[in-house]
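Below is one structure, written out as structure tokens; comments come after it.
Coordinate-derived values only; no laboratory data. Model, not experiment: these values are computed from the prediction. No Cβ is skipped: glycine too gets one built from the backbone with ideal geometry, and neighbour counts run over all protein chains shown.
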Amino acid sequence: MMRLGSRGYGLSMYLPGGVRALALTAVATWVAAVGAAAQTSSTLTGLVVDSITRAPLVSAHVHFVDEDRHFVTTDGGRFLILDAHGDSVTLSIDLIGYRTAQWRVAVSDEALVFPMVREAVDVGGIEVEAEAAQRRAELSTPVSTTRMSEEEVTRERGQTLGATLRDVEGVAVIQYGPSIAKPVVRGLHSQRIVVSNGGVRQEGQQWGGEHAPEIDVFGVHEIEVVRGPGSVLYGSDALGGVLRVEPAAPPFGSGLGGEYVLNGFSNNRQVAGSAMVEHGQLRLPVLGEVGGRLRASLRKSGDASTPDYNLGNTGFTELNVSTALGWVRPWGGVEMDYSLFTTDIGLFSGAHVGNFDDLIRAMEQGPAETEFTYAIDSPKQDVAHHAVRLTGHGHVQGLGVVRGVYGFQLNKRREFDSHGPLANRERAAFGLDLYTHSLETMLDHDPVGPLRGTVGVSLSRQGNLSRGKGFLIPQYRSYTGAVFASEEAEVGRATVSGGLRYEYRWQRVFEFQDVGIDVPDETRSYDGLSGSLGFSVPFLRDWSLGGSLGRAWRAPNVNERFSQGVHHGTAQYELGDRTLESERTWNTDLTLRRAGERLDVQVSVYRNAIDNYIYLEPRDPVQTIRGAFPAFNFRQVDATIEGGEASITARPASHVQISGGVSTVRGSERGSEEPLYDMPADRLRGSVRALLPSSAWAVEPYIEVGVSAVREQTRVPEGTIYALPTDGYQLVHVEVGATSLNLWGRHVDATLEIQNLFDTSFRDYLSRYKLFVDDPGRD
């Protein structure tokens, strides 16, 4: 991988009473707060950047000399000084690896840029205050989290979001060949995991096991995995966890810049690339100086292959564009962006067969021989995801910081059949158009005694249109409203936190009548209270013990209640149950952490007791006019999911880094102790990275060797054809690269990685094609 730097759906005006009141409150709060914030004028906004690359510098120390006040730059390199007195001020800025610099600047409405000059330093055992502050923040968190930095995300660019997270403890991946990878957090996935993309909840028919998040990883700045319920801040569906995906903020104050990224993958002969251009000093009418960014990316793949055969019709084409615009003023800032994610995905042809005999033959004998091709034929998926996001924040004197986020998303999904009367290459067997509007306003209030935290209001409106000749789920409309509060306080050396969220959901399903299908016009409402209590206590040096207790709930999805038909993406027949009730869970979590200079450790254990747990129960295969398919019923039981994960990163010497991790999860029905379907197998990973001496043309070159081992999964339901265990396997990977290469006067990141070095044949238990074929081989 290489990177170079230098049609219509009308809006109903009707809202249920409770949601209408929340909407008026949210809009009034946002307008009043931003208006009040705009009256503040004695504010200085700054951006600290690298003088060469113009990249924002995080955790730089800013000293306001005149009033002896201190600040630290945020993830976007920004800082904000409120109530700066006088027409000009003196600032001193320092950051390890850069020369300390001092400026005398005039206070103005424009954001000021402070370029820092690099210098070589020998820090030895000196602890940088910014790094110490970051470690203290990690140690004070009561829940189990993992953050992937920009550097770590960059090394995984060109892959899906799920594949990017494959080495994070507690995270597994549901795989449909190389093109679809869906994250599984502590045994839960799809509608039980919330993906927050830039503060907006991703809505893209996520209930489908093969409906992966429609996010372009090329545009991602960092990713944070929050394990365990995150319902208080992120909504009732976050029973299993939250994936916080943060795109890079628009540049402010810097000049013209850009990058391009090129990837190549050998297994499926995939090529991928992305080009970005940005400017932080654009001047627009009315708006004045703004920062803007434009990115386009492409991924093109042919068939994947196992060590023994080609996987026919598993290619894909992905084309994405995004643009962002933002500006910062003394009263706050505004950002708006638009993104379009499109993909055309071939679905493995060997999983779609015409009758029972062919189904059994496909499972026993393997796939028919095919030749590699980039062509994509039916069965396939076509997906387009449009997303608009508008965010704003402003400081209100004596109150705090008010933030608002509006999002609009349109997800268009089409699935094409390869058998039976619906095998029309031009017309989809079925299609789904999902429209989502969301609005959230939050106040990060000033400290009230020992308390600091956030209160907010959240609203959403969603409508789903079903298209095509086939039927899977009916058309529906839903409204959701919530109020929430999350607070924390220092009690002695301990940090104590808690939160509450009340959420109400109104849902209408529209009538659908056809041969063998009877969906009545139905309206239902759901509501519930979510809450959390947590603590974190530091001890010894760089250690802490944290714990949390959470109560959460989730209303059943429309697909769980009304599915009736073949889901082509999963190549299975699904049958819903309209009597399903809401899931409700108690979750307990205990986490031991160490965040130090030479050793990072995180060990977590958890127990998730879910009443009315909804899952797909395997049944005998079904013969339809489109062919024979594995079949599943939605069923509800009381269940317990428990397990743990541990990770360690050691730096015994300046040129060596050793890391490893282990994850285990057990899911079972309470009472019968029957294993739950779809629980990940135990996983272990380890790697050693050697940092080589830097030179004039290579900064921090390295070589890394790693191994991952997955245990045989024997905890599977009995009595169906799916009750076959999958063998354990071990995979080795090798990676070489450099933090930066100096080539032709440019900064270049270059990485070469080999996955599955020894071309091992294996089938992961979470592979949806495990009944038919092996997983892809060496890449």
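Given a Förster distance of 45 angstrom, what is the FRET efficiency for THR74 paired with SER266, based on the Cβ-Cβ distance and rounded to 0.05? Write out the running numbers ahead of the final one.
On the way: r = 39 Å, r/R0 = 0.88.
According to the calculation, E is roughly 0.70.
For VAL448, project a label point 7 Å along Cα to C-beta. Then give me every residue of region 494-518 with its amide nitrogen under 16 Å of that point.
497-502, by backbone N distance to the label point.
Rank-order 685-697, 525-537 by packing density, defined as the average count of other C-beta atoms within 10 Å over each peptide's residues, highest first. Display every interim value, and only then the final one.
On the way: 685-697: 14.1, 525-537: 18.9.
Ranking the peptides 685-697, 525-537 by packing returns 525-537, 685-697.
What nm distance separates the two modelled labels at TRP207 and LEU298, each placed 7 Å from Cα along Cα→Cβ?
3.7
By how many nm would the segment from LEU752 to ARG99 lengthen if fully extended, with 0.36 nm per residue of separation less the alpha-carbon distance? Please report the intermediate quantities before stating the final value.
Numbers: separation 653, 0.36 × 653 = 235.08 nm, distance 3.34 nm.
Full extension from LEU752 to ARG99 adds 231.7 nm.
Under 20 Å Cα to Cα from LYS469, which lysines show up? Leave out anything in the same chain fewer than 8 places away.
Partners found: LYS380, LYS412.
Based on the Cβ-Cβ distance of GLN730 and ARG427, what FRET efficiency does E = 1/(1 + (r/R0)^6) give at R0 = 45 Å, to the nearest 0.05?
On the way: r = 46 Å, r/R0 = 1.01.
E(calc), rounded to 0.05, equals 0.50.
Quick check: the distance between the Cα centres of region 513-541 and region 80-116, to the nearest angstrom?
After rounding, the separation between the Cα centres reads 47 Å.
Compute the relative contact order of region 658-755 as a whole-number percentage, counting only Cα pairs closer than 8 Å that sit 6 or more residues apart in sequence. The partial results should precede the final answer.
Numbers: 202 pairs, mean separation 22.0, N = 98.
Taking the mean separation of contacting Cα pairs over the length of region 658-755, I get 22 percent.
With a Förster radius of 35 Å, plug the Cβ-Cβ distance of SER694 and VAL321 into 1/(1 + (r/R0)^6) and report the FRET value to the nearest 0.05.
Numbers: r = 37 Å, r/R0 = 1.05.
Efficiency, rounded to the nearest 0.05: 0.45.
Please sort 81-89, 263-271, 300-308, 163-171 by packing, taking for each peptide the average over its residues of neighbouring beta carbons within 10 angstrom, highest first. List each step's numbers first, then the result.
Working: 81-89: 13.6, 263-271: 17.6, 300-308: 20.3, 163-171: 22.9.
Ranking the peptides 81-89, 263-271, 300-308, 163-171 by packing returns 163-171, 300-308, 263-271, 81-89.
With each pseudo-label sitting 7 Å past Cα toward Cβ, what's the GLU67-LEU540 distance in nm, one decimal?
Distance between the two pseudo-spin positions: 4.3 nm.
Which of the peptides 699-705, 246-252 is most tightly packed, and how do the rest follow, going by the mean number of other Cβ atoms within 10 Å of each residue?
246-252, 699-705
Considering Cα pairs under 8 angstrom that are at least six residues apart, work out the relative contact order of region 156-269 and quote it in whole percent.
Computed over region 156-269, the figure is 24 percent.
How much length is gained on full extension from ASN633 to ARG670, taking 0.36 nm per residue of separation minus their Cα-Cα distance? Could the numbers behind the result be given before it?
Numbers: separation 37, 0.36 × 37 = 13.32 nm, distance 1.93 nm.
In short, 11.4 nm is gained.
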